[in-house]
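See below for the structure under consideration.
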Amino acid sequence: MQDVVEEDEPMPEGSPEADQIPDWSMSPSPTPVPEMVDLDLPFAEEFSILSDLSEDSPPINGLNPQPVDVDRWELVISPEEYQRRFKDTLATVQLISRAPLRRLHTTYHRGPGFDRWMLLAQANHQLWVDPRFKDPFFARLDQYQIAQPGQHPLQASQGNVHLSTSVFVRCLSEAGCDTIRLKAYGQKTPIVGGFVRQEPAEVDHRWAIHNEWDIGRSFGSQYIWLFAGTDERQHGMEHYAMLVPGSGNYGSVNIKTTHRNRHFKIKVYPRLVHVIKSFNSRLQASVPKTLQGIRNQAAGALRMIHNLASKDDQAVGGFRIEVTVKAKSLRDAHQLVDDTGFLNPSYWLKAGDGNVAYRGLTAQLVTREGLLANANWVYNQAVQSKVFVGAAANTPSKEQVQAIVDILNALGWNAGIRRPTKSLDPNAWWHSTPSTDRATIFRQLIENYQLDDEIRGLFWKAKEGAEYHALPCKEEPGNPGHRYQVHNRTPFRVRCSSEGCGSKLQRSALIHWIAELVQRGVVSEAGLGLE
């Protein structure tokens, strides 16, 4: 489905514009046996398995298929052909000052190592070249423009310098470069109807066999469609849960397969992903390193819930199937995909009388009301449990990180940064279990002890309430020779008194450790302000 959020792409899908499977935007997990959710959720009736719905009027018959389109291409093109395509004086490119996290796709067989190429420039597309041409390119460019080559091997330029296309092409050609890897994504241009006026590829280029295309089709519906494999484990299939916990771990699916000895990658995912990205394409680009950053993402999630509430059923419903294939030309790619039947939902859902997939899928249909109720429920669980309480500058705990991942997942966002909590996980942070008893203790402590002086007081109280009036070391809790002592007063932190141990705890980590010791009964609750 999508490339995860990356510096050179607006994603996260879990984005369908992913560079590669499984980078579609989500952290993969083995294809699960879908769980029937039994959480006594008030909105459970808004989630329905496709096979359980009326056979008299199956929802698959009510789909509104949109025209087949091309969403992404990675093409090889010579500098001279690039100049011919963009020969107007108004055409410019911008040298790139960052080294993207995501790379180009590798080739299936012998060919250029595109995954090791460098992003040199971009216009409304990206232009990648072999890094060995970087130095000679800048040597020629010095005659026409002031630009500083990047210090990192895969960093093109230190500044974002603009060049006319004619200067860019001349410098590349004089540097000896004969191949540019041109990458464009996200356009979803209909292949029919006169929208494609010229073949995008240079089909006679020596590496044209490595051109790569994403051919897809979207299907409108009043329901949000989520998917899962029909079997517990299917080779070549990766699953990304969405809308937990209501969905029972249904979500989007990536499939690697072959057809007539040719490799294909298929992504099947809800159109809801594109709706979210149309409001905010970087809802969670990364996990924040401070608690304030986590809170900011939670606030962004709440705004997104409100945005989705403004859309009707048809606007958020439906799904998309996208097929990645290698072919010299767009025409060939379209024909190859059309011959497979992969863009037909019945093929995957094993419905109808035509060919069906060996690796089948099952679908879950969710109403717009179910989406909003699920998202609000998870968000409110975090608010009521005070998951995000603490000093703004603190490093977020594992529970706080997991909570923000699940809040975003509940509204349909899976960026692949962390795996969401499984719908029926008995230790999920939204349940009242022993694991969350510790979290409850932590939240009470973090509410009462935030400043250095307050945390220092907590440390001494915990010592008084522990055996031998000593706080055990986290690394050697059963060894009386390992105990924590004050290491620094501002910011307050402690370290183990045993030489060679090296265990140190800063403020947030110290409070977490005290909460765990209280739960274990090692430290008394008396005097700590716990209810």
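Per-structure values
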read-out	value
Residue within segment 466-488 that is among the basic types (Lys, Arg) and either at pLDDT below 85 or in contact with a Gly (Cβ under 6 Å, 6 or more places away or on another chain) (or both) present	no
Among (1) modelled with pLDDT under 95; (2) on the phi < 0 side of the Ramachandran plot; (3) in a loop (DSSP other than H, G, I, E, B) - the single one ILE209 does not satisfy	(3)
Condition check for GLY502: at positive phi and in a loop (DSSP other than H, G, I, E, B)	yes
Hey, LEU163 in contact with a Lys or Arg (Cβ under 9 Å, 6 or more places away or on another chain), of a type outside the set (S, T, N, Q) and under 30 Å from ASP71 (Cβ atoms) or not	no
Hits in segment 236-257 (condition: part of a loop (DSSP other than H, G, I, E, B) and among the β-branched types (Val, Ile, Thr))	VAL244
Among the candidates ALA147, ALA139, residue that is among the aliphatic types (A, V, I, L, M), open to solvent by 40 Å² or more (accessible area, probe 1.4 Å) and over 23 Å from VAL323 (Cα atoms)	ALA139
Odd one out for GLU74, checked against (1) modelled with pLDDT of 90 or more; (2) outside any strand (DSSP E or B); (3) among the charged types (D, E, K, R)	(2)
Unmet criterion (only one of (1) in contact with a helix residue (DSSP H, G or I) (Cβ under 8 Å, 6 or more places away or on another chain); (2) over 22 Å from HIS239 (Cβ atoms)) for GLN314	(1)
Candidates VAL287, VAL275, VAL356, VAL268, filtered to the one that is assigned to a loop (DSSP other than H, G, I, E, B), under 19 Å from TRP413 (Cα atoms) and either β-branched (Val, Ile, Thr) or open to solvent by less than 50 Å² (accessible area, probe 1.4 Å) (or both)	VAL287
Subset of segment 410-419 (residues that are more than 15 Å from VAL253 (Cα to Cα) and buried (at least 23 other Cβ atoms within 10 Å of the Cβ))	ALA410, LEU411
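The values are calculated or read from the model by the stated rules, or taken from the named source; none is laboratory data. This is a predicted model, so every value here is computed, not measured. Positions of Cβ are backbone-derived with ideal geometry, glycine not excepted, and every protein chain shown enters the neighbour counts. The accessibility values were calculated without ligands, DNA or RNA, using every heavy atom of the protein model including side chains. Shrake-Rupley method; radii C 1.70, N 1.55, O 1.52, S 1.80 Å.
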